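Notes follow once the structure below has been shown.
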Amino acid sequence: MSAEDAGPASTSSGTLLGVAQAQQRTMARRTQIAAEILDTERTYVDGLALIEKLFITPLLASAQQPSPILSRKEVRQLFANFPDIIMLSKELLSQLEARLGANAQPP
């Protein structure tokens, strides 16, 4: 028996079921994308922290020595926007974790 033979009620419920399934797939895809964005932002913030730990902090410490690798001014010029970038990225990560949950992981 086809949908046409079943009458309008069957066609209507079949259409609603199809719409509901499409919405579920769309929401699942959005959730997956959001989890991937969160994971990417975590990785980015971790990378920024590594740059700070392995490069900026040692260079600033070196600038205090009699024979520095770079002067304090040069370090500040080289990493001029770094404090703003890391602050913004940490704030974005915090907001993403608050919205999606800190344990959200991409599948």
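The values are calculated or read from the model by the stated rules, or taken from the named source; none is laboratory data. Predicted model only: the values in this text are computed from it and were never measured. So basically every Cβ, Gly included, is an ideal-geometry build from the backbone, and we count neighbours across all protein chains shown. Quick note on the areas: whole protein, heavy atoms, side chains included, nothing else; ligands and nucleic acids left out. Shrake-Rupley method; radii C 1.70, N 1.55, O 1.52, S 1.80 Å.
With the convex hull of its Cα atoms as the shape, the chain has an orientation-averaged projected area of 10.4 nm².
Expressed as an acute angle from 0 to 90° and rounded to the nearest 10, what is the orientation of the C-alpha long axis of helix 82-100 relative to the principal long axis of the chain? Tilt of helix 82-100: around 30 degrees.
The residues of the range 32-75 present an accessible area of 66 Å² per residue when probed at 1.4 Å with all protein chains retained. For the chain, the Cβ-based charge dipole about the Cα centre amounts to some 440 debye (Lys, Arg positive; Asp, Glu negative; other atoms uncharged).
Tally up the carbon and sulfur contribution to the accessible surface of the range 20-107 as a whole percent, 1.4 Å probe, everything protein left in place. Carbon and sulfur atoms account for 58 percent of the accessible area of the range 20-107.
Taking only Cα atoms, what is the 0 to 90° angle, nearest 10, from helix 8-51's long axis to the longest principal axis of the chain? Taking the Cα atoms of the chain, the angle to 8-51 is about 10 degrees. The relative contact order of the chain comes to 34 percent, based on Cα pairs under 8 Å that sit 6 or more residues apart.
Estimated from helices alone, the mean residue ellipticity of the chain at 222 nm is -25000 deg cm²/dmol (sum of -39500 (n - 2.57) over DSSP H runs with n ≥ 4, per residue).
Derived value for the range 18-75: Kirkwood hydrodynamic radius 14.7 Å. Basis is the mean of 1/r over every pair of different alpha-carbon atoms. Between the listed residues T40, A20, S71, the Cα displaced farthest toward the positive end of the dipole of the range 20-72, a dipole computed from Cβ unit charges relative to the Cα centre, is found at A20.
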